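Undergrad: What follows is a structure written as structure tokens; I'll ask about it next.
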Amino acid sequence: FILIFLLFVVGGSLTLFALRAPVVKSQVGFTLWSRETLLLANNLVLVVAASMILLGTLYPLVLDALTGAKLSVGPPYFDALFLPLMALLMVVMSVGVLVRWKDTPGKWLVSMMTPVLIGSAILAPAAGFIVDDFDWPTLTAFALAAWVVLGGLRDIFDKTRHKGLIKGLPGLGRSYWGMQLAHLGLAVCALGVVLSSNNSAERDLRMAPGESVELGGYQFLFQGARHFEGPNFISDRGTVVVSRDGREVTTLHPEKRLYTVQQSMMTEAGIDAGFTRDLYVALGEPLENGAWAVRVHIKPYVRWIWLGGLLTGLGGLLAALDRRYRVKVKTRVREALGVSGAAA
């Protein structure tokens, strides 16, 4: 179904483009350092990244259907291909905000990007004061995020240089702020992905009532599990008290549920969400003397991934609500009505 859907959508789009090619043909040219070129590079990177994910997702399914061989495409494949593409996208993105349509003078672009480059080099090492395990991927992520954010700020100051920052900001349209918000969302998402991947901690262990484990500076005290009956399930509900530096942070209640109608077993993790970290505790299988197999997991900055996606989506919505697009639609409607009235 997915392949047929993609064939219909992508194939139909390419067919329409081929049929309308003579109409959309343009004689206007543009140079290498122009917004047209970088928009093309942006779209090219996104298409390659989407194709890479599609290949990694569907290839094991196709191979299994044709040969019966089992293959799992995991982090080594995606880390080696997807992450460099996203890094390239962020590099192009910051430059694309500043360049002009059709042509951009090289000296002017260098003068605009030099402060952004210097600011990124200064801010990137600040990551060492935020995260404990500082490494090259973290440094690169902070440098790229600073590169994108500072590039956007540089463009704001450039566009408001005549009226001044305070008077010039209201003159920037919704589509412009939507672009800035979407770029900020991508930077936040990139930081969330790298920080969560490189600084997460996990342990699988046997825990009896009264036993505790230390992970990432947190103490997890297992107080046992008790039988619990829900509306359509029965479960064993555990109690885990989480503390840090002697102070209680939260109490988690992971569950092992059996849904009686379908006779399906499900694991409900106990989760404490936070802006800078998420704490997970999940019950595995029951062991002797009231002990359980328990998984304790700390995922730092995982909420930043969702926040970045939300900011990007809001940026797209804000850009779509720009007044210029509504004016164009109203103008076309009036022209259509005028033509219809004349014809009548």
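Undergrad: Does Ala291 fit the bill of being open to solvent by less than 60 Å² (accessible area, probe 1.4 Å) and under 29 Å from Leu191 (Cβ atoms)?
TA: On the way: open to solvent by less than 60 Å² (accessible area, probe 1.4 Å): yes; under 29 Å from Leu191 (Cβ atoms): no.
No; evaluated as a whole, the condition is false for this residue.
Undergrad: Here's another thing I want to ask about it. Counting just the residues of the range 242-265 that are touching a residue at least 24 places away in the same chain (Cβ under 8 Å) and farther than 24 Å from Asn199 by Cα, which one comes out most open to solvent (accessible area, probe 1.4 Å)?
TA: Val261
Undergrad: Could you check the range 164-241 for strands (runs of 3 or more DSSP E) lying wholly inside it with 3 or more residues that are in contact (Cβ under 8 Å) with a residue 60 or more places away in the chain and open to solvent by less than 50 Å² (accessible area, probe 1.4 Å)? Steps first, answer last, please.
TA: Working: elements: 201-207, 212-215, 218-229.
The strands (runs of 3 or more DSSP E) meeting that bar are 201-207, 218-229.
Undergrad: Check whether at least one residue in the range 60-80 is closer than 22 Å to Leu153 by Cα, touching a residue at least 12 places away in the same chain (Cβ under 8 Å) and open to solvent by 60 Å² or more (accessible area, probe 1.4 Å), and report yes or no. Don't jump to the end; show me each part of the working.
TA: Filtering the range 60-80 down to residues closer than 22 Å to Leu153 by Cα leaves none.
Checked the range 60-80: no residue is closer than 22 Å to Leu153 by Cα, touching a residue at least 12 places away in the same chain (Cβ under 8 Å) and open to solvent by 60 Å² or more (accessible area, probe 1.4 Å).
Undergrad: Restricting attention to the range 270-323, report how many residues are in a strand (DSSP E or B) and either without any contact (Cβ under 8 Å) to a residue 40 or more places away in the chain or not aliphatic (A, V, I, L, M) (or both).
TA: Looking only at the range 270-323, we keep the residues that are in a strand (DSSP E or B), and these are 270-273, 277-286, 292-300.
When the remaining residues are screened for being either without any contact (Cβ under 8 Å) to a residue 40 or more places away in the chain or not aliphatic (A, V, I, L, M) (or both), the result is 270-273, 277-278, 280, 282, 284-286, 292, 295, 297, 299-300.
Final tally of qualifying residues: 16.
Undergrad: Assuming Thr104 fulfils every condition listed in (1) crowded, with 16+ Cβ neighbours inside 10 Å; (2) more than 22 Å from Val193 (Cβ to Cβ); (3) modelled with pLDDT of 85 or more apart from one, which condition is it?
TA: (3)
Undergrad: Can I ask one more? Please go through (1) within 23 Å of the chain's Cα centre (by Cα); (2) exposed (fewer than 12 other Cβ atoms within 10 Å of the Cβ); (3) not small (Gly, Ala, Ser) for Ile118 and return the number of the only condition it doesn't satisfy.
TA: Failing condition for Ile118: (1).
Undergrad: Considering each residue of the range 266-288, count those that are of a type outside the set (Asp, Glu) and open to solvent by 50 Å² or more (accessible area, probe 1.4 Å), and give that number. Can you show your working first?
TA: Of all residues in the range 266-288, those of a type outside the set (Asp, Glu) come to 266-267, 269-271, 273-277, 279-284, 286-287.
From what's left, open to solvent by 50 Å² or more (accessible area, probe 1.4 Å): 266-267, 271, 273, 275-276, 280, 286-287.
Count: 9.
Undergrad: Further question: When the range 121-152 is examined, which residues are found to be surrounded by 15 or more Cβ atoms within 10 Å (Cβ to Cβ) and assigned to a loop (DSSP other than H, G, I, E, B)?
TA: Within the range 121-152, Val131, Phe134 qualify.
Undergrad: Among the residues of the range 60-71, is any assigned to a loop (DSSP other than H, G, I, E, B), small (Gly, Ala, Ser) and over 30 Å from Ala146 (Cα atoms)? Before the answer, list the steps.
TA: Of the range 60-71, the ones assigned to a loop (DSSP other than H, G, I, E, B) are 68-71.
This time we only want the ones that are small (Gly, Ala, Ser), so: 68-69.
Checking which are over 30 Å from Ala146 (Cα atoms) leaves us with 68-69.
So far as the range 60-71 goes, yes, one or more of its residues are assigned to a loop (DSSP other than H, G, I, E, B), small (Gly, Ala, Ser) and over 30 Å from Ala146 (Cα atoms).
The values are calculated or read from the model by the stated rules, or taken from the named source; none is laboratory data. This is a predicted model, so every value here is computed, not measured. Virtual Cβ from ideal backbone geometry, glycine too; neighbours counted across all protein chains shown. Ligands, DNA and RNA are excluded from the accessible area calculation, which covers all protein heavy atoms including side chains. Shrake-Rupley method; radii C 1.70, N 1.55, O 1.52, S 1.80 Å.
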